[in-house]
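A short worksheet on the structure shown next.
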Amino acid sequence: MKIVILGTRGFPNVQGGVETHCEHLSVNLAQKGCDVYVITRKPYIDPRIKQYKGVKLICLTAFKIKSIEAVLHTLMGLFVAFLLRPDILHIQAIGPAIFTPLARLMGMKVVVTSHGSNYRHLKWGGFAKFVLKIGEFMGVHFSNRLIVISNYIHDEIQSKYGKSSIIIPNGISVANKTQQTELLKELNIVPNKYIFAVGRLVPEKGFHTLIDAFNNVGSKDWKLVITGEADHEDEYSEKLKNSAKQNSNIIMTGYLAGDYLHQLYSHAGLFALPSYYEGLPIALLEAMSYGLSCIVSDIQGTRSINLDKDRFFQPGESKSLEDKMRRYMSQPLSSRHAKEQIFYVTGTFDWRRIARKTIQVYKSIQTIRIYTKKVTDSI
């Protein structure tokens, strides 16, 4: 079965939930015998990389302009996909899904995965939000199958459009803690004495609230480590970095992947997710897979994850987050609870199972096509 995946910046080593999702899904699809092509963007991916773990990568030029980058790249990618003649075109996210009707007119079978209502992100202006809403509408009404990554997105789609969707969540890889601490030494941080957060430097991730809360805690023993970068530098990301510079115990590492990221997850004393909006946060699932003590925003994208209710704080409220910090900085997660947490996330959010379910969705479209042909032949 030939699959073309469109709508991601690409991989490996590109930050973002959609990018992480596409990387692990496509690799697992390839391992299960699918012929997988992923269309990537040149500003983020070296075009000389033609293959990654059995997945074929096609790198197209993209203009690194926040408001039009994804739309133009998806349109170009659509014509490349048409030339590849895939059994399934899998469009990731509601922005790229705006071209679902055109893909159908071109004769392609289309699966769309919604990672959430991106028009709720604070970084988008009015026109961009309008385009994203149109993309959601097109993906819902014109795709052959619609996949969503969480129960609440399924319920929203059902309520808003009266359409059903298939729930297939994000996944994680099984994490094994490392004993290496080279990066920690370089950053001058002590194992189990830092709060860790991961994500793009955009307003909806809430890192400004995290910094305010940490400053109010005023701990001299603990540090705050934020890993991530802005895809497009703007006033918010610059202000965030300047704010962090005012406190020597706040460290912004920029984007990290591989062993360095592994080290920071392995030795964190507390993981914080202060987002205003998430679909199903992979960073949180990864933190839980390391057995980390976690505190998270009380938002729809986190409520379906099995965390104790005392670990939730009100999004955007510095005092609420500060209180959780103080409590769990002095109250480590027990080894028993850590093991239970690891067992839960690795059993529930397994990429191999997710790939199997996705293949079932692909096959259901092929079944419809075969059935229609048989009926036509009989007539």
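Net charge within 13 Å of residue 196 by Cβ-Cβ distance, Lys/Arg positive one each and Asp/Glu negative one each, not counting residue 196 itself?
Net charge in that neighbourhood comes out at +1.
Convex hull over the alpha-carbon atoms of segment 1-74: what's its volume per residue in Å³? The partial results should precede the final answer.
Details: hull volume 5.5 nm³, N = 74.
Here the figure is 75 Å³ per residue.
Return the tail of the calculated pair distribution for segment 282-331, meaning the percent of Cα-Cα pairs more than 15 Å apart.
44
With the cut-off at 1.5 for a/c, could you classify segment 182-348 from its C-alpha gyration tensor as rounded, prolate or oblate?
Note, shape of segment 182-348 comes out rounded.
From the helices alone, meaning DSSP H stretches of at least four residues, give me the mean residue ellipticity at 222 nm for the chain, per-run term -39500 (n - 2.57), in deg cm²/dmol to the nearest 500.
Calculated at 222 nm, the ellipticity per residue is -14000 deg cm²/dmol.
Considering Cα pairs under 8 angstrom that are at least six residues apart, work out the relative contact order of segment 182-348 and quote it in whole percent.
About 25 percent, as a whole number.
Report, as a whole number in µm² per second, the diffusion coefficient that Stokes-Einstein gives for the chain at 4 °C and 1.567 mPa s using the Kirkwood radius over alpha carbon pairs. Each step should come with its number before you reach the end.
Details: Rh = 21.6 Å.
Calculated translational D: 60 µm²/s.
Shape call for segment 309-364 from the C-alpha gyration tensor, a ≥ b ≥ c root eigenvalues: rounded (a/c under 1.5), prolate (a/b greater than b/c) or oblate? List each step's numbers first, then the result.
On the way: a/c = 5.84, a/b = 2.00, b/c = 2.92.
Note, shape of segment 309-364 comes out oblate.
May I ask for the distance between the Cα centers of segment 241-300 and segment 137-192, given as a whole number of Å?
Value for the Cα centre distance between the two parts: 15 Å.
Taking a 31 Å limit on the Cα-Cα distance, which of the listed pairs 56/357; 2/133; 109/177; 241/324 fall beyond it?
As for pairs spanning more than 31 Å Cα to Cα, those are 109/177.
From Cα pairs below 8 angstrom and at least 6 apart in sequence, can you work out the relative contact order of segment 1-142, rounded to a whole percent?
Averaging sequence separation for qualifying contacts and normalising by length gives 23 percent for segment 1-142.
Would you mind putting 135-148, 165-178 in packing order, based on average other-beta-carbon counts within 10 Å, highest first? Display every interim value, and only then the final one.
Values: 135-148: 22.3, 165-178: 17.6.
Ranked from most to least packed, the peptides come out as 135-148, 165-178.
Dividing the convex hull volume of the Cα atoms of segment 1-143 by its residue count, what figure in Å³ per residue is obtained? The partial results should precede the final answer.
Working: hull volume 13.7 nm³, N = 143.
Per residue, the Cα convex hull of segment 1-143 comes to 96 Å³.
Where a number appears in this text, it was derived from the coordinates with a stated rule and is not lab data. Keep in mind that this is a model prediction, so the values were computed, not measured. Virtual Cβ from ideal backbone geometry, glycine too; neighbours counted across all protein chains shown.
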